[in-house]
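Comments concern the structure below.
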Amino acid sequence: MKSEKIATAMKKLLICVICFISALRLFADERTILLGPKTIGPGWKDNILLEARHFEKAKAGDIITVYNDNAKRTAQAAFQDPKDWQGVAPEYGCFNVGGPFRMTLSDETLAKLRERGCYIGGHDYRILRVTLTPGEEFVEKIVWRGPAKQMKSDWSVSAELPAACFKTLKVGDGLVLHASRVEDGAAAKIMDFTWNVLEKATDGIPVGPTGCTYYINDDAPLLKLQLAGKDNPAALRIGGKGYRLDKVGIVSFIGQRSEDLTDVQRAPKEYKLQPGELFHGEKLFPNDWSGNLRLTAEPFQECTESDVLILHYELLKDGETPQMSFRENKGKWYDITGAKEPIWYRLDGNDVVLTFDNPQLLDHLKTSGLVITGLGFTLTRIELISAQ
Amino acid sequence: MAMLLLFCACSKDAEAEPQAPVTQETGEEAVLTISKTLVNPNATAEAQALYTRLLSVYGTIALSGVVADIDWNIREAENVHKWTGKWPVINVFDFINIHASKDVNPQGWLDYSDMTHVDQWHQLGGIVGAMWHWQVKANNGTNLTCSPGEKPGETSFDPSQVYVDGSAENKQALHDVDQVAGYLKKMQAKGIPVIWRPFHEAAGNTYEFEGGGAWFWWGAKGPDVYKKLWRWMYDRLVNHHKLNNLIWVWTSQTGDETWYPGDDVVDIVGRDNYAALMYPLMKEFNALTEQYPTKMITLAECGNGDEVKMSLWSKIWAQGSRWSWFMTWYDHAYNEGNSDEHQFAGPEWWTDAFDSGTVMDREAWKKVKSEK
């Protein structure tokens, strides 16, 4: 009887342990935190805020992955601090996009993300989803241990890595460049055996205080390594400037992606602009005055004093005194009319109509464009109505 | 009094409203005030003839131009020819990489002393232009840069020392200028006049917004030093090296009147614009015309900006801009096959330009040359 009780207790304990491990495992998966699509168009003007809540339980070493498509060959991206629009760390201020891109969280970046989240910006690509993966889901094997190479500022130095280092490398893995003595503006260049860059994304990878990681997103780089031959003593070359390359590792993802979308952040719905529309979407102008929308002068080039701008919006439920103003898209954002103090349009739910019959307004509009500021509403559509 | 008020109101409106396009008549009126001769009294006959021809068409038609892909080639002109079947009139070369020229550096990757492209371009009826992203040693001692500043990759090269005899900057500057003078002399010897545009965009964005400043070292010490620097170079090239084949183009930035080197050392005034929209361009052209009434005005660099696409040339012209010529910027990534779209001015823009009937290609320019 006693042994049965013990066995039952052991069973329960075992089940608990299994459940606990499963729960841990579930939490350890790569979790989607933002679901797109979100188009990051030309000119560094588009971005999306990754909300701070996603990072409450994150820890240093965890990895944010941004899956994307439609990237132009010149596409670039950034992880930006909402506080000052700088990169959350210098190496994340601007980098090339060549497949999914990632950020490994450090204590410093994590503190910023926990406090205010971060923007994913850049130009010329589309975000499909953003995930957060615990660092322990990646295992690293060091494949090259030097001798260390000091990368000079004239890009003249490189390390040669033999083909044997990359026997186990596969799509999805990352090459980790461990660096020290990293200077401002340090960058790595990963080249194939013919001295050409392995791919566009490896031409000047920003190097952080401890190095950088380049992920293999398709077969092309692996083919280049194969072409080098299995005995090639210089199948891959790592160069760059402003850092010392100490060792190189390969990281592999050993976890799995959770399909659980509970609590996921969804990008605002995207609309294709119809003729005459300058904006169609959901642009929040919260009560903290942080919302603004810039329109360049381009669509206004042929406008006349008879044209008007119609702005559609929805009031926020907890809005204070919803209001909107129009500013010059330059300098100190003076009122678009040239007035010293901004003119505020009180919002009552009806569309706002901005007429162009003020010559100065029209001149400013055609010269530098427009910034819409305000609070307490969500801008949904802007139409430019021509008198013709 | 009422009439006076009415007049005031009207004139105020006239200032603020979009200005009327420059008409043929007003264009001709403007031409009347423009200097007929180059500032260098010893200018070569070829240089003076080129200037005279530029003036003869000014205000009625613009000349097309491109810059080389970085330094010493005609790759962008070849793009234009591939897209449109026509060659631009002007090809501007850049002395940015003189340090890597094989005649001074055995490890160099280009050779400015090889005049093949320049000579051929001239022989085929094109106009040769030259500019200079003048790179000096960066603070880290190895890199070359034009960017002023204290960081390792920037340079604290002091422009105010360039014209101080015996200073380190003076020695370096003389070395570089004399090297460039050598190439320009080769052109002079071949009878090639050169549209010469050094020390461009000196004021940077000093007057664009608070905290703005110069982005090239030659503007780092402000307008007075800059003007002395310009005159120092003018003296070195014209008086010392007897380079008389140069047409001196000064590039103005917004609000930089105090940086103008002077009517006696500038032949043509230019503007660089990478948010080249028709309306602001028209305003800038009119402002420059008013400000420098004895000089032709040119759109020395242009192209799409980060946020806006350059207006089509037909629209720019229709809005009233009457730039002497335009020069679109290069896209090295496109030329290397790493980008599908030309970043600054692609086939659509160039096709519109030539189709507008307001832009000359090299063949049309040859006719002007043969007639005048």
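The values are calculated or read from the model by the stated rules, or taken from the named source; none is laboratory data. Remember, predicted model here, so these are calculated numbers, not experimental data. Cβ coordinates were reconstructed from backbone atoms using ideal geometry, including for glycine residues, and neighbour counts include every protein chain displayed.
The table for this structure:
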| item | result |
| --- | --- |
| Of the criteria (1) within 27 Å of residue B:65 (Cα to Cα); (2) touching a residue at least 24 places away in the same chain (Cβ under 8 Å); (3) surrounded by fewer than 21 Cβ atoms within 10 Å (Cβ to Cβ), which one residue B:246 fails | (3) |
| Output for the range A:66-77, where each listed residue is in a strand (DSSP E or B) and within 14 Å of another protein chain (Cβ to nearest Cβ) | A:76 |
| Residues (under 17 Å from residue A:133 (Cβ atoms) and either among the basic types (Lys, Arg) or surrounded by 20 or more Cβ atoms within 10 Å (Cβ to Cβ) (or both)) located in the range A:93-113 | A:101, A:102, A:103, A:104, A:105, A:109, A:113 |
| Unmet criterion (only one of (1) assigned to a strand (DSSP E or B); (2) under 19 Å from the mean Cα position of the chain (by Cα)) for residue A:108 | (1) |
| Meets criteria (surrounded by 21 or more Cβ atoms within 10 Å (Cβ to Cβ), at pLDDT 95 or above, under 18 Å from the mean Cα position of the chain (by Cα) and within 14 Å of chain A (Cβ to nearest Cβ)) for residue B:344 | yes |
| Odd one out for residue B:283, checked against (1) under 29 Å from residue A:360 (Cβ atoms); (2) in contact with a strand residue (DSSP E or B) (Cβ under 8 Å, 6 or more places away or on another chain); (3) basic (Lys, Arg) | (2) |
| Strands (runs of 3 or more DSSP E) within the range A:265-321 that include 2 or more residues in contact with a Phe, Trp or Tyr (Cβ under 7 Å, 6 or more places away or on another chain) and not β-branched (Val, Ile, Thr) | A:277-285, A:308-315 |
| Which listed residue, of B:179, B:161, is free of Cβ contacts under 8 Å to residues at least 24 places away in the same chain, away from chain A (no Cβ under 14 Å) and in a helix (DSSP H, G or I) | B:161 |
| Residue match in the range B:133-153 (condition: modelled with pLDDT of 95 or more, within 20 Å of residue B:184 (Cβ to Cβ), polar (S, T, N, Q) and not in a loop (DSSP other than H, G, I, E, B)) | no |
| Residue that is nearest to the chain's Cα centre (by Cα), among those in the range A:269-290 that are surrounded by fewer than 15 Cβ atoms within 10 Å (Cβ to Cβ) and of a type in the set (Gly, Ala, Ser) | A:290 |
| Any hit, the range A:307-325, residues being touching a helix residue (DSSP H, G or I) at 6+ places or on another chain (Cβ under 7 Å), within 29 Å of residue B:280 (Cα to Cα), surrounded by 15 or more Cβ atoms within 10 Å (Cβ to Cβ) and touching a residue at least 40 places away in the same chain (Cβ under 8 Å) | no |
| From A:29, A:46, A:62, A:69, residue being charged (D, E, K, R), surrounded by 14 or more Cβ atoms within 10 Å (Cβ to Cβ) and at pLDDT 90 or above | A:62 |
| Subset of the range B:107-124 [modelled with pLDDT under 95 and either surrounded by 13 or more Cβ atoms within 10 Å (Cβ to Cβ) or touching a Ser or Thr at 6+ places or on another chain (Cβ under 6 Å) (or both)] | B:108 |
| Lone unmet requirement of (1) of a type outside the set (Phe, Trp, Tyr); (2) more than 10 Å from every other protein chain (Cβ to nearest Cβ); (3) surrounded by fewer than 19 Cβ atoms within 10 Å (Cβ to Cβ) for residue B:338 | (2) |
| Residue list for the range A:135-149, filter: crowded, with 17+ Cβ neighbours inside 10 Å and either free of Cβ contacts under 8 Å to residues at least 40 places away in the same chain or part of a strand (DSSP E or B) (or both) | A:138, A:143, A:144, A:149 |
| Residue selected from the range B:296-312 under the condition over 23 Å from residue B:93 (Cβ atoms) and in contact with a strand residue (DSSP E or B) (Cβ under 9 Å, 6 or more places away or on another chain), by the criterion farthest from the other protein chains (Cβ to nearest Cβ) | B:305 |
| Any hit, the range B:351-359, residues being away from chain A (no Cβ under 14 Å), among the aliphatic types (A, V, I, L, M) and over 30 Å from residue B:239 (Cβ atoms) | yes |
| In the range A:342-388, residue farthest from residue B:309 (Cα to Cα) [restricted to those that are part of a strand (DSSP E or B) and either among the charged types (D, E, K, R) or within 14 Å of chain B (Cβ to nearest Cβ) (or both)] | A:346 |
| Among the residues listed as A:236, A:223, the single one being more than 26 Å from the chain's Cα centre (by Cα) and surrounded by 17 or more Cβ atoms within 10 Å (Cβ to Cβ) | A:236 |
| Which numbered condition residue B:107 misses (of (1) touching a residue at least 60 places away in the same chain (Cβ under 8 Å); (2) more than 15 Å from the chain's Cα centre (by Cα)) | (1) |
| Search result, residues across the range B:282-292 that are buried (at least 20 other Cβ atoms within 10 Å of the Cβ), facing another protein chain (nearest Cβ under 10 Å) and in contact with a helix residue (DSSP H, G or I) (Cβ under 8 Å, 6 or more places away or on another chain) | B:282 |
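Matching residues to (1) within 30 Å of residue A:85 (Cα to Cα); (2) in contact with a helix residue (DSSP H, G or I) (Cβ under 6 Å, 6 or more places away or on another chain); (3) free of Cβ contacts under 8 Å to residues at least 24 places away in the same chain:
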site	(1), (2), (3)
A:235	no, yes, no
A:247	no, no, no
A:255	no, yes, no
A:267	yes, no, no
A:272	yes, no, yes
A:277	yes, no, no
A:280	yes, no, no
